[in-house]
1. Which condition does Gly7 not pass, out of (1) surrounded by 11 or more Cβ atoms within 10 Å (Cβ to Cβ); (2) at pLDDT 90 or above, if it passes all the others?
2. So which residues in the stretch 1-43 are among the polar types (S, T, N, Q) and part of a loop (DSSP other than H, G, I, E, B), if there are any at all?
3. How do the pairs read when you match residues in the stretch 21-34 that are in contact (Cβ under 8 Å) with a residue 60 or more places away in the chain with residues anywhere that are in a strand (DSSP E or B) and of a type in the set (Ser, Thr, Tyr), using Cβ under 7 Å and keeping only pairs 6 or more apart or on different chains?
4. Residues in the stretch 32-40: is at least one touching a Pro at 6+ places or on another chain (Cβ under 9 Å) and at negative phi?
5. What's the total number of residues in the stretch 10-20 that are within 9 Å of the chain's Cα centre (by Cα) and modelled with pLDDT under 90?
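The values are calculated or read from the model by the stated rules, or taken from the named source; none is laboratory data. All values derive from a computational prediction rather than experimental measurement. Glycine gets a Cβ as well: all are built from the backbone with ideal geometry, and neighbour counts include every protein chain shown.
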Amino acid sequence: MVCSRCGATADSLPVTWTCSVENGGRLYFCDDCARAHLRAIESRLDSSWW
Ligand SMILES: [Zn+2]
């Protein structure tokens, strides 16, 4: 697993990570990034908007 924003890696998907579906693909964000951008993720804004 690789965080789509900061590039953090994990062997398997941690429960604290967030999955966002954008443009038909799945993006994953680590807990730090998910927390920082929770509102944007929940609003389904593309990460490019950030
Ligand atoms: Zn991250």
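1. Condition (1) is where Gly7 drops out.
2. Filtering the stretch 1-43 for residues among the polar types (S, T, N, Q) gives 4, 9, 12, 16, 18, 20, 23, 43.
Within the stretch 1-43, Ser4, Ser12, Thr16, Asn23, Ser43 qualify.
3. If the second residue must be in a strand (DSSP E or B) and of a type in the set (Ser, Thr, Tyr), no pairs are left.
4. The initial filter retains those residues of the stretch 32-40 that are touching a Pro at 6+ places or on another chain (Cβ under 9 Å), namely none.
Within the stretch 32-40, not a single residue is touching a Pro at 6+ places or on another chain (Cβ under 9 Å) and at negative phi.
5. 3
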